[in-house]
1. What are the pairs, 6+ residues apart or on separate chains, where a residue within region 155-167 that is under 14 Å from residue 19 (Cβ atoms) has its Cβ under 6 Å from a residue that is open to solvent by 60 Å² or more (accessible area, probe 1.4 Å) and within 12 Å of the ligand (Cβ to nearest atom)?
2. Here are the criteria: (1) in a strand (DSSP E or B); (2) more than 17 Å from the chain's Cα centre (by Cα); (3) over 19 Å from residue 336 (Cα atoms). Tell me which single one residue 217 does not satisfy.
3. List the helices (runs of 4 or more DSSP H) inside region 253-356, counting only whole elements, that have at least 3 residues being of a type outside the set (Val, Ile, Thr), in contact with a strand residue (DSSP E or B) (Cβ under 6 Å, 6 or more places away or on another chain) and closer than 22 Å to residue 193 by Cβ.
4. Would you mind stating whether residue 94 is surrounded by fewer than 21 Cβ atoms within 10 Å (Cβ to Cβ), out of contact with any Ser or Thr (no Cβ under 7 Å at 6 or more places or on another chain), modelled with pLDDT of 95 or more and over 20 Å from residue 166 (Cα atoms)?
5. Using the structure shown, decide if residue 16 is at pLDDT below 95, closer than 14 Å to residue 137 by Cβ and more than 10 Å from the ligand (Cβ to nearest atom).
6. Filter region 70-87 down to residues that are of a type outside the set (S, T, N, Q) and open to solvent by less than 10 Å² (accessible area, probe 1.4 Å) and give me whichever is nearest to residue 42 (Cα to Cα).
7. Tell me, yes or no, whether region 32-45 has at least one residue that is at pLDDT below 95, of a type outside the set (Phe, Trp, Tyr) and either under 20 Å from residue 111 (Cα atoms) or in the same structural domain as residue 106 (by TED's automatic domain parsing) (or both).
8. Taking the stated definitions as given, is residue 113 open to solvent by less than 20 Å² (accessible area, probe 1.4 Å) and away from the ligand (no atom under 13 Å from the Cβ)?
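The values are calculated or read from the model by the stated rules, or taken from the named source; none is laboratory data. The structure presented is a predicted model; accordingly, all values stated were derived computationally and were not measured. For neighbour counting, all protein chains shown are included, and Cβ atoms are generated from backbone atoms with ideal geometry for every residue, glycine included. Note: accessible area is taken over every heavy atom of the protein model, side chains too, but ligands, DNA and RNA are not part of it. Shrake-Rupley method; radii C 1.70, N 1.55, O 1.52, S 1.80 Å.
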Amino acid sequence: METPPSKDRENFLEGMRYTASAVNIVTTDGGAGRAGVTVSAMTPVSADGNKPTLLVCVHHLSPACRAIMENQVFGVNILSQKQSHIADTFAGRIKVEDNDKFSCTKWITGKTGVPLVLHSLVSFECQLLENSRVGSHHIFIGGVQNTRFQADELPLIYSNRAYGSPAKFDVITKRNENNSEGAPLRIGCPAHLTPSFIPDLISSYLDQKPSVTFSLLVEQQGNLLQSITNDYCDIAFLGLADPNPNLHQITLTQLQHLVVVPSDSTFENSTHVTLDTLVKMPLLYLETSLYPNIIDLFASKDFAPKPVVKTSSLDAVLDLVERGLGYTIIPFPSSSSLPIYNRKLQVLELKDCDAGNLVMVTSQKKNFSLLIDEFVEFSKSYFTKIQRSDCDTSQN
Ligand SMILES: Cc1cc2nc3c(=O)[nH]c(=O)nc-3n(C[C@H](O)[C@H](O)[C@H](O)COP(=O)(O)O)c2cc1C
C-alpha cells in the first residue's frame, strides 16, 4: 500500500477534526464468528433502489473486517449520548476483564443473526452488497434488511477528538408567521450572563404583562447569533466588543471585567487590580464564548496567564475560587449583579481593559410583532434604571 506523504496525512487528519459524526457499533456474526468495532465512518448511500443502502469503512486489520467479509451480514447500531462507554470499549480504549467487548452492554439477536445493541437509538441489519478496499480501509456497502428503532434520545457525536451531543437549535420552535398569538417570546443569553439580569428582567416584565410566556435559550454566543438569523429566537442578549454592522443591535450597558478572588486574599483593601498583578497567579478560566476571551486579553499585553481549570460553568468557577485555587475574570454588567450569594468571595474591577458592551440583538426583519417591540423597549428602560441606581449607589 502506498503511504501518502506524512504532511498530507497530518493535514488530512487535522482537517477531519472539524467533522462531526454519529458514533456506531458495527457488528457481525456467522460462520466467521462474532465481532464488533466502533465506527464513525457510516453514511447513508440511498433510500431508493431494491433496498435502502448505507456504507461503513472498517480498517483492514480489524478482526471485524474479515468477519464481515466472511459472514456477509453486518449490523449498524447508532449510539445515544449515554453510550460513550460502549464506543470506548469497541474502540479498545476501555479494557474488559473477560476480554469480551460484548459484555459491556445488553444485546438482542437480529433476524439476520447479527448482534444488535439493545438500547441503541436505531439498529440497521445489512446484507453485504459491495466491498472495496481504499488505502487502509474496506468500504462495505450494505443493503438494509431490517431497521429497529429502540430509544428516542440524542445521538452520541464525535467531533474535535471528543464525544458530545448535538446542541439543540430547535429547542425553541420556529414562529408560525400566521399564528403568533399566544406564542412565547423567545429570548436567548449566554450561560454566564443569564443570572446577572435575565431572571429579574423577566419577572419585572411579567409584573406588567402576566399573560406573556417566555422560552429562554441559554447557549453559546455563536449559536445564539445563528438562532437569530434562522428565526429560532426573537431577541438575544450578547457581549460584543465592537459594533457589528451586520446585526440589528441596541447597546444596553457596558460590561466590566470583574476579577473574583477569595475574600481572605492579599487584595483585601483593593477595589481594582491590573493584569500584571494577576498573571503569576493560577487562573480559573471561565470560558464565556465572548470575544475577545480572557486569554486573548492577556496576550494583547504580551502576558501568558496560567489556566489551571477551564470550565463554562459560572457556579463551578465561583466554587473553585472560594476554595482558594486561584482567581477568575468574568465579563459582567456590574459587580452588584454577580450571583455570589453567601460565598466568601471578593470582587475587584480589572483596570485598563475594555470588556465591550451588553447588547440586545434582534432579527433584521423590520416587521417585529408588537410583543417583541414592547419587550425591546422594556429592556432598554430596565437597563437605564439599573445604571441610574448603580450611579446613585456609587455616589452615596
Ligand atoms: C469515535 C471513534 C470512531 C472510529 N471510527 C472508526 C471507523 O470509522 N473505522 C474504523 O475502522 N475504525 C474506527 N475507529 C477505530 C476503531 O474503533 C479502533 O481502531 C478499534 O480499536 C479497532 O478494534 P479492533 O482492532 O478490535 O477492530 C474509531 C474509533 C473511535 C473512538
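1. Matching pairs, first to second residue: 157/20; 159/20.
2. (2)
3. Fully inside region 253-356 and qualifying: nothing.
4. no
5. Criteria not met by residue 16.
6. 76
7. Among the residues of region 32-45, not one is at pLDDT below 95, of a type outside the set (Phe, Trp, Tyr) and either under 20 Å from residue 111 (Cα atoms) or in the same structural domain as residue 106 (by TED's automatic domain parsing) (or both), which makes the answer no.
8. Working: open to solvent by less than 20 Å² (accessible area, probe 1.4 Å): no; away from the ligand (no atom under 13 Å from the Cβ): yes.
In short, no.
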